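Readers should treat all values here as calculations from the given coordinates under stated rules, not as data from a laboratory. Here the structure is a predicted model, which means the values were calculated and not measured. Using ideal geometry, Cβ is built from the backbone for each residue, glycine included, and neighbour counts are taken over all protein chains shown.
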Amino acid sequence: MPNVSLTLVKSRVALLLYGKPNNGMHVAKGERTGPENFMRHILRMMLTLLLVTAPLLGQGKRLWVLSGPGNIVEYDPATFAEKQTVKVPVDLVQSPERVRVNRAGQILFAWPVSLPLGDEDVAAAHKVWFWNGHNAATIDQGVMREVHGTGSNEAVTEVAPIPFLSSDGGHLFWFANSARRLQREGLDLSTVTTWQAWRTDLEGGGREDLAAAKFPDCRCETGTCDETCPYGDFWAPESGVDKFFLMTQFVAGQTEPDYKASTMYLEQNGKWTANALPAPLLRVLDASPGGDVIVEAIPDSGCCGWSNESDDQTLMLSNGKQRTVFDERAQYQNPDYDVSFYTSNARLSPDLGRVAMTIVSTAEANKPIQLADQGQANPEESQRIRKALTELPAVEVKSMEDVPRRVAYLPHAALVGWLSDKELLIVEDHTLVVYSLGTGERRKSGIRVPDAGKVFLR
């Protein structure tokens with residue numbers, strides 16, 4: 001269905017330019033000349049450009065909100081008028097972090113599965129729920145485990161694919177670790193693991209292999225392979241795979257993960273090539289469409305019940321440069337207390353000139369906080385932390401200069417995304433709000449939402 005408001009505008013402009021309709025008859029003889037006719041000619045050319053570019057203008061942002069039970073509603077991001085409602089599984093509403101939405105209006109939901117597979121993973125019927133923009137369908141996820149005897153050992157072959165949307169809506173992308181483990185009496189001896197990426201049609205058929213990375217044969221020294229041996233983890237833009245995706249090789253470990261290396265896979269002329277990155281990426285929050293700008297979070301290294309063992313940071317990586325846009329210790333000066341401040345999400349502006357982030361904490365206001373593992377009582381620090389907690393969550397916007405500067409700070413808000421280079425969509429008091437960076441003005445939508453995690457702006 002065409003955009004009604006755009007159609008109305010085009011018809012009114014045509015009436016102004018061409019005058020009252022004349023039953024299809026074009027009057028050329030005796031047509032007026034001079035400046036007035038020249039201006040009409042120019043305006044007609046402008047109208048033609050409008051008609052040509054209208055389809056592109058219609059491909060703007062799309063806004064979806066999960067609302068229970070079992071609904072996802074699309075709104076017009078300009079007017080906040082309701083456009084359509086799609087029925088979705090109840091599990092999808094309860095686990096919004098596992099929902100994928102692209103600009104084509106497709107929705108994907110799958111439970112993540114990782115190696116090694118547990119007995120429940122093997123027994124469950126893993127089905128991907130997929131809305132193709134018109135109809136809902138389920139696709140087999142392809143989770144598999146086979147066990148064969150080999151001498152005095154058992155060979156366990158497992159694969160756990162994770163599906164992902166494409167940005168243009170033409171394919172589904174799949175990422176998987178495929179491992180062959182040797183076991184004896186329930187203990188892992190060694191594993192051979194290959195990370196794979198492929199794409200299919202929207203029904204899950206027509207597989208086309210894109211990339212593979214075979215990791216070195218690994219001895220499972222603790223009797224559990226994921227504690228000492230590497231697996232691959234992928235990242236792609238939330239709006240779907242377009243020209244690149246990332247793979248990070250990591251070891252889960254016993255207390256904290258050990259990140260080994262990261263690779264960017266780029267599509268050029270229909271082929272995907274692997275490009276090793278200079279350092280492993282720990283937690284990717286966002287990236288530019290071509291992958292040349294990456295927002296990375298450095299999580300706290302605390303383990304074993306401790307939250308604040310190191311400095312949480314958020315970095316901008318581009319053209320070999322690293323800019324720090326969030327630094328917990330510099331901003332909150334909180335080394336003595338077991339309270340960690342970090343960015344839960346981040347979004348680059350469309351022009352890549354700014355980055356917006358939601359700052360949250362592991363503690364809550366008006367609740368007791370304890371000393372860090374090596375901390376000492378500090379009344380000034382404690383008071384400073386408690387004051388900061390009363391403002392969270394908060395949205396902070398930083399510039400992309402060599403020394404990033406604060407552009408905006410919005411307490412009691414959570415980020416959804418950028419509507420334009422100068423407008424943010426945020427959640428304040430469980431309501432969707434448009435915030436203007438230029439004027440500081442707020443435009444409330446009237447749409448109530450449980451939290452920002454159930455809102456998708458693409």
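Can you compute the FRET efficiency between Ala137 and Leu266 using 1/(1 + (r/R0)^6), with r the Cβ-Cβ distance and R0 = 25 Å? Round to the nearest 0.05.
Details: r = 31 Å, r/R0 = 1.22.
Working from the Cβ atoms, E equals 0.25.
Taking the Cα atoms only, what angle lies between the long axis of helix 35-57 and the longest principal axis of the chain, rounded to 10 degrees?
The two axes meet at around 20 degrees.
Can you compute the modelled spin-label distance between Ala279 and Glu203, with each label point 7 Å from Cα toward Cβ, in nm?
Going from the Ala279 label point to the Glu203 one covers 4.8 nm.
Can you tell me, using C-alpha contacts under 8 Å and at least 6 residues apart, the relative contact order of the stretch 299-458 as a whole percent?
The value is 15 percent.
If I model a spin label as a point 7 Å beyond the Cα along the Cα-Cβ vector, how far apart are those points for Lys387 and Leu371 in nm?
A separation of 2.4 nm, rounded to one decimal place.
For Gly417, list long-range residues whose amide hydrogen, built 1.01 Å from N in the peptide plane, is under 5 Å from its own amide hydrogen.
Close amide H contacts, sequence-distant or interchain: Leu425.
Quick one: helix 4-18 against the long Cα principal axis of the chain, what's the angle to the nearest 10°, folded into 0 to 90?
Once rounded, the angle reads 30 degrees.
Expressed as a rounded percentage, what relative contact order does the chain have, with Cα pairs under 8 Å and six or more residues apart? Please list the in-between numbers first.
Working: 967 pairs, mean separation 37.3, N = 458.
Reported as a whole number, the value is 8 percent.
Counting other Cβ atoms within 10 Å, which GluC sites (Glu not before Pro) in the stretch 108-203 have at most 14 and lie in a DSSP loop?
When the GluC sites (Glu not before Pro) of the stretch 108-203 are filtered for loop state and at most 14 Cβ neighbours within 10 Å, Glu185, Glu203 remain.
Check which residues have an amide H placed less than 5 Å from Glu256's amide H, if you skip close sequence neighbours.
Here nothing satisfies the definition.
So what J values fall out for the stretch 438-447 if you push phi through Karplus, 6.51 cos²θ - 1.76 cosθ + 1.60 with θ = phi - 60°, rounded to Hz, Gly and Pro as x?
x, 10, x, 6, 10, 10, 7, 8, x, 8
Magnitude of the Cβ-charge dipole of the chain, K/R +1 and D/E -1, about the Cα centre, nearest 20 debye?
2780
What's the exposure ranking of Val122, Val339, Val156, going from fewest to most Cβ atoms within 10 Å? Don't skip to the end; give the middle numbers.
Numbers: Val122 14, Val339 24, Val156 20.
So the ranking, lowest neighbour count to highest, is Val122, Val156, Val339.
Can you give me the angle between helix 379-389 and the longest principal axis of the chain, using Cα atoms only, in degrees from 0 to 90, rounded to the nearest 10?
Taking Cα atoms only, the helix is inclined about 50 degrees.
Order these by the 10 Å Cβ neighbour count, fewest first: Arg283, Arg184.
If I rank by nearby Cβ atoms, fewest first, I get Arg184, Arg283.
Please arrange Cys229, Cys304 by how many other C-beta atoms lie within 10 Å of their C-beta, fewest to most. Present the calculation step by step, with values, prior to reporting the outcome.
Details: Cys229 25, Cys304 8.
Placing the least packed residue first, the sequence is Cys304, Cys229.
So for the stretch 292-408, taking the charge dipole from beta-carbon charges (+1 Lys/Arg, -1 Asp/Glu), which of Met400, Ser344, Asn366 sits furthest toward the positive end?
Positive-end residue among those listed: Met400.
What nm distance separates the two modelled labels at Ala123 and Ser420, each placed 7 Å from Cα along Cα→Cβ?
Result for the modelled spin labels: 5.6 nm.
Of Met144, Trp174, Phe456, which is farthest along the charge dipole of the chain in the positive direction, counting Lys and Arg as +1 and Asp and Glu as -1 at C-beta?
Going by the charge dipole, the pick is Phe456.
Starting from a Cα-only point model with no solvent, please compute log10 I(q)/I(0) by Debye for the chain at q = 0.07, 0.10, 0.14 1/Å.
The Debye formula, applied to the Cα set alone, gives -0.46, -0.88, -1.48.
Per residue of the stretch 249-264, in order, report the coupling 6.51 cos²θ - 1.76 cosθ + 1.60 (Karplus, θ = phi - 60°) as ³J(HN,Hα) in whole Hz, putting x for Gly and Pro.
8, 9, 10, 4, x, 8, 10, 7, x, 10, 8, 9, 6, 10, 10, 9
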